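Each remark here refers to the structure printed beneath this line.
The values are calculated or read from the model by the stated rules, or taken from the named source; none is laboratory data. What you see is a predicted model, and the numbers here were worked out from it, not measured in a lab. Positions of Cβ are generated from backbone atoms using ideal geometry, with glycine treated the same way; all protein chains shown enter the neighbour counts. Side chains included, ligands, DNA and RNA excluded: accessible areas come from the protein's heavy atoms. Shrake-Rupley method; radii C 1.70, N 1.55, O 1.52, S 1.80 Å.
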Amino acid sequence: MRHKIIAGNWKMHKTTAEAVELINEIRAALSGDFAADVVVCPTFTALYTASSALKDSGIKLGAQNMFWKDKGAYTGQISSSMLKDVGAEYVILGHSEARGRFGVPEPDFTPEILSYFGESDSTINRKTIAALTAGLVPIVCVGETIDERNAGVTDRVVEEQLTVALETIPSEETCKIVFAYEPVWAIGTGEVCDADEADRVCGVIRSTVAKLFDSATGETVRIQYGGSVKPNNAADLLSRPNIDGALVGGASLSASDFAAIVMAA
Ligand code: 13P
């Protein structure tokens, strides 16, 4: 039986003081009474303060990205050991926004600017290996754009993203990874993926992992759905056999909404 996991991706929101306020509100809303694994992922600048605010809450801390090198001349990058140092246990990798793929069009982002977001399946592979080596749990995101969905290549896109992201990683390490199916067109748009379809693609992720490794690994990995998860659709999504949790964006910035999604799990 796979344990449900709900993670809040706060994206580029909240100062340190606001992060502590939100954590205190989430703690009060959950009152220590939840069965799922719960993770919050603030910005880098709020991680240290968030870590102490989360003390003894049972809620875990995650980061939104990292670099794969441990140290060196990499201006602006953050390593796995730095994340561990501030108390993070999880790290989101390969988010579509870090790949320069946005659900809501960004009118001032030209194709040239988008290409500089720079995340690829190969960099995600290196980051996943580095996170696992450091003892962080990677939340590896995959998902198709609306153009890819309309072209009927959703399953192929997801399979390719997974195949490269998991290169050279042994099955016992893969079992520790949390995967997130995040259709790009459902992120921040309010247009949630139909629960049957979300479950089907999460099933494709599971069978791809089984094909790359073995059926036991496929059955072990936890797979979240992300993209416009709200209190009113969470229970339906979370009741599906292949959906083991949610990666929540906008609704994770409201303590009552986030708590309601945790309770739905
Ligand atoms: P929304 O819940 O705001 O659609 O964002 C989902 C997401 O990108 C989580 O990583």
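Positive end of the dipole of the stretch 1-93 (Cβ unit charges, origin at the Cα centre): among Phe67, Leu54, Ile92, the Cα lying farthest that way belongs to Phe67.
In the stretch 1-47, the alpha-carbon atoms span a convex hull of 71 Å³ per residue.
Using the Cα gyration tensor of the stretch 90-161, with a ≥ b ≥ c the square roots of its eigenvalues, what is the shape: rounded (a/c below 1.5), prolate (a/b larger than b/c) or oblate (neither)? Oblate shape, in that a/c is at least 1.5 and b/c is the bigger or equal ratio.
The aspartates and glutamates within cross-link reach of Lys11, meaning a Cα-to-Cα straight distance under 12 Å and a gap of 8 or more places when in the same chain, are Glu97.
Return the subset of Lys60/Lys127; Lys55/Lys211; Lys69/Lys230; Lys71/Lys230 for which the Cα-Cα distance in this structure is over 28 Å, preserving the input order. Over 28 Å Cα-Cα: Lys55/Lys211; Lys69/Lys230; Lys71/Lys230. Qualifying trypsin sites (Lys or Arg not before Pro) in the stretch 1-98, where qualification requires a DSSP coil assignment and no more than 16 other C-beta atoms within 10 Å, comprise Arg2, Lys55, Lys69, Lys71.
As a test of reading the structure, rank Trp185, Trp10, Trp68 by solvent-accessible area (1.4 Å probe, protein chains only), most first.
The ordering from most to least exposed comes out as Trp68, Trp185, Trp10.
Largest accessible area first, the residues His95, His13 order themselves as His13, His95 under a 1.4 Å probe with ligands, DNA and RNA left out. What the phi angles of the stretch 211-217 give under the Karplus curve with 6.51, -1.76 and 1.60, with θ = phi - 60°, is a coupling list of 5, 6, 10, 7, 5, 5, 5 Hz, glycine and proline written as x.
Inverting the mean 1/r over all pairs of different Cα atoms, compute the Kirkwood radius of the stretch 129-173 and quote it in Å. Before the final figure, lay out each step's value.
Working: mean 1/r = 0.0834 Å⁻¹.
This gives a value of 12.0 Å.
When Rg and the Kirkwood Rh are both derived from Cα coordinates, the Rg/Rh ratio for the stretch 95-207 amounts to 0.97. Sorted from longest to shortest, the spans of the Cα atoms of the chain along the three principal axes equal 47, 44, 43 Å. Overall, the chain carries a charge dipole of about 640 debye about its Cα centre when +1 sits on the Cβ of Lys and Arg and -1 on the Cβ of Asp and Glu, all other atoms neutral. Take the alpha carbon gyration tensor of the stretch 1-80, find the square roots of its eigenvalues, order them as a ≥ b ≥ c, and report rounded if a/c is under 1.5; if not, report prolate when a/b exceeds b/c, else oblate. Note, shape of the stretch 1-80 comes out oblate.
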